[in-house]
Amino acid sequence: MQRSVPWLWLVLLGLLLLAPSPAGRLLLDVLGGLTLGLLLLPVLAAGGGWIAWQVLRRRLQTCPRCGSASFSQETCPLCGASMQEESEGMVVNLTDAPLEPQSRGIEREASTVTIDVVAQEVDDR
């Protein structure tokens, strides 16, 4: 069973929008406010998300040894290094197991270390 289009209600709504009466103005103001709210809602949500990300990013601490990020801990949860060491005296451990806190190897300042990468061709067989 098909429903007919309620032409009478649509015409009355159109006249209410076109008529310069207080009811027409009120309806236009309400519709304009809803439209503006729907258009600004994604912008406001993006702004709130950006502010939340900035707050979270400022609370994260990066481990000077392995580079993992964690929240306000004294030791790194991955490698066990002290999080209090700042980047001014950052030291790179050049042993086979650089993530173990007990390993003692040749230590050099990170700014003086150079990594040489040699490209080799791989045979596809």
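The values are calculated or read from the model by the stated rules, or taken from the named source; none is laboratory data. Since the structure is predicted, the reported quantities are computational estimates derived from the model, not experimental observations. Here the Cβ positions follow ideal geometry from the backbone for every residue, glycine too, while neighbour counts run over all protein chains shown. Quick note on the areas: whole protein, heavy atoms, side chains included, nothing else; ligands and nucleic acids left out. Shrake-Rupley method; radii C 1.70, N 1.55, O 1.52, S 1.80 Å.
Brief remarks follow.
- Tabulated pairs, segment 1-20, first farther than 16 Å from Leu31 by Cα, second open to solvent by 100 Å² or more (accessible area, probe 1.4 Å) and part of a helix (DSSP H, G or I), C-beta under 9 angstrom, 6+ apart or interchain: none
- Summed over segment 112-125, the residues that are hydroxyl-bearing (Ser, Thr, Tyr) and open to solvent by less than 100 Å² (accessible area, probe 1.4 Å) give a count of 1.
- Any hit, segment 91-109, residues being open to solvent by 50 Å² or more (accessible area, probe 1.4 Å), among the small types (Gly, Ala, Ser) and either at pLDDT 85 or above or in contact with a Ser or Thr (Cβ under 8 Å, 6 or more places away or on another chain) (or both): no
- The one condition in (1) under 30 Å from Phe71 (Cβ atoms); (2) surrounded by 11 or more Cβ atoms within 10 Å (Cβ to Cβ) that Trp50 fails to fulfil: (2)
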